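Okay, handing you the structure first.
Read-outs: derived from the displayed coordinates by stated rules, not from any lab. Fair warning: this is a prediction, and the values are worked out from it, not measured in the lab. Cβ: placed from backbone, ideal geometry, glycine included. Neighbour counts: every protein chain shown.
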Amino acid sequence: MKIGFVGLGIMGKPMAINLVKAGHEVYGYDFVKESIDDLVEAGGHAASSGKEAAEKSELVIIMLPNSPHVESALFTKDGIAEGLSEGMTVIDMSSISPVASVEFSEKLNELGVSFLDAPVSGGEPGAIEGSIAVMVGGDQDVFDKYYDVLMVMASSVTLVGEVGAGNTTKLANQMIVAINIAGISEAYSLAKKAGVDPENVYKAIRSGLAGSKVMEQKSQKIFDGDFDPGFRIELHIKDLQNALDSAHEYNAASPFTALSMEIMQSLRSHDLDKKDHSAIARYYEMINNQTLQ
Ligand code: NAD
């Protein structure tokens, strides 16, 4: 299939390369020329704009940071919308506001173009291995048509509802992860203050009700003080802002999300926003004047 791919960053580039490896004809565009060169080296094609990526393709996939980037990539001069024609499909795999997804979908539908929002989890390793989890919002028939293409990049692709539902699901995921990291950091801080080794606490409780994938993947980083990303706090701040905006839009009070957001804002003030989100533990170290290592 001829596929336009706009946004060849940490996630988008390996995802686009996996499509090439599966035999698809991929036309890639990004502001960063080196990223396009890497795609071409892997067997893909260069596009000089979002418009050209769309003109050459029947499907356009987008993988950009946030709603304003997607809006600009779609509707700016020489943007994707200018190269679209009736009957085509746009799949936005960026993690953005579900309210924005619905807006973009409505605008594209007016051009006779169908739309899915399809954010992912799994991070850079998942993007490279082709094992990300994709949560999709949109119509069943569009989902069915592109399921196999999405599965090239993923280990699971799930339709969760109408357009916007993919990003609502992703926000739910991000809320749970942030609150969970804060929870384990707070508990390990109490243990340390009480003279109990947090690592022993982890070993003792990990298989019980308090255990979680977050506990498994983040505890050792906290005990080692290794906050290399992984998933950067600045991206998690973006997700929590979208979660709070959506919560306010839909009247869903979300106090723990708001608190997690303020913890991350404090870390940003300490220049830690490029660190992994497990650095939430650093916030507890600061307010309790101790380390967890
Ligand atoms: P990134 O910053 O590495 O890549 C974004 C790319 O978009 C950059 O290469 C940038 O040059 C390009 N870009 C920005 N605006 C553009 C435009 N108008 N036209 C063309 N190119 C443009 O980001 P990423 O880590 O790849 O994340 C992409 C999305 O995936 C985000 O929404 C993020 O929240 C989500 N996500 C990231 C991870 C992760 O671990 N990095 C995991 C899951 C989901």
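Residue by residue through region 55-72, which ³J(HN,Hα) values in whole Hz follow from phi under the Karplus form 6.51 cos²θ - 1.76 cosθ + 1.60 (θ = phi - 60°), with glycine and proline marked x?
Computed from phi, the couplings for region 55-72 are 4, 7, 10, 10, 10, 10, 9, 10, 9, 10, x, 8, 3, x, 5, 5, 4, 5 Hz.
Oh, and also: With no solvent and one equal point scatterer per Cα, compute the Debye intensity ratio I(q)/I(0) for region 168-288 at 0.10 Å⁻¹ and report its log10, rounded to two decimals.
Debye intensities relative to I(0), on a log10 scale: -0.30.
Scanning the chain for chymotrypsin sites (Phe, Trp or Tyr not before Pro) in DSSP loops with at most 13 other Cβ atoms within 10 Å, what's the longest stretch left with none?
In short, 32-249.
Tell me the mean residue ellipticity at 222 nm calculated for the chain from its helices only (DSSP H runs of n ≥ 4, each -39500 (n - 2.57), averaged over every residue, nearest 500).
-17000 deg cm²/dmol
Students often forget the sequence filter, so: which lysines lie under 30 Å Cα-Cα from Lys274 once same-chain residues fewer than 8 apart are removed?
Straight-line reach from Lys274, under 30 Å: Lys13, Lys33, Lys170, Lys192, Lys193, Lys203, Lys213, Lys218, Lys221, Lys238.
Can you pull out the trypsin sites (Lys or Arg not before Pro) in region 173-227 that DSSP calls coil and that have at most 13 other Cβ atoms within 10 Å?
Of the trypsin sites (Lys or Arg not before Pro), the ones in loops of region 173-227 whose Cβ has at most 13 other Cβ atoms within 10 Å are Arg206.
Between Gly230, Gly164, Gly28, where does the largest GNM mean-square fluctuation fall for the chain, given springs only between Cα atoms within less than 10 Å?
Looking only at Gly230, Gly164, Gly28, the biggest GNM fluctuation is shown by Gly230.
Relative to the compact-globule scaling 2.2 N^0.38 Å, provide the ratio for the alpha-carbon radius of gyration of region 2-162.
0.91
Which ³J(HN,Hα) values, rounded to whole Hz and listed in residue order, are derived for region 189-204 from phi using the Karplus coefficients 6.51, -1.76 and 1.60 in 6.51 cos²θ - 1.76 cosθ + 1.60 with θ = phi - 60°, glycine and proline given as x?
Each residue's phi maps through the Karplus curve to give 5, 4, 4, 4, 4, 7, x, 9, 5, x, 5, 5, 4, 4, 4, 6 Hz.
Using a Gaussian network model of the chain whose springs link C-alpha atoms within less than 10 Å, name the residue from Ala73, Ala253, Ala178 with the highest mean-square fluctuation.
Result for the chain, Cα springs under 10 Å: Ala253 fluctuates most.
Then there's this: Pick out which of Gln220, Gln174, Gln241 has the largest mean-square fluctuation in a Gaussian network model of the chain, springs linking Cα atoms closer than 10 Å.
Gln220
For a bin width of 5 Å, list the pair-distance distribution of the chain built from all Cα-Cα distances, rounded to whole %.
Histogramming the chain at 5 Å steps yields 1, 6, 12, 15, 16, 15, 12, 9, 7, 4, 2, 1, 0, 0 percent.
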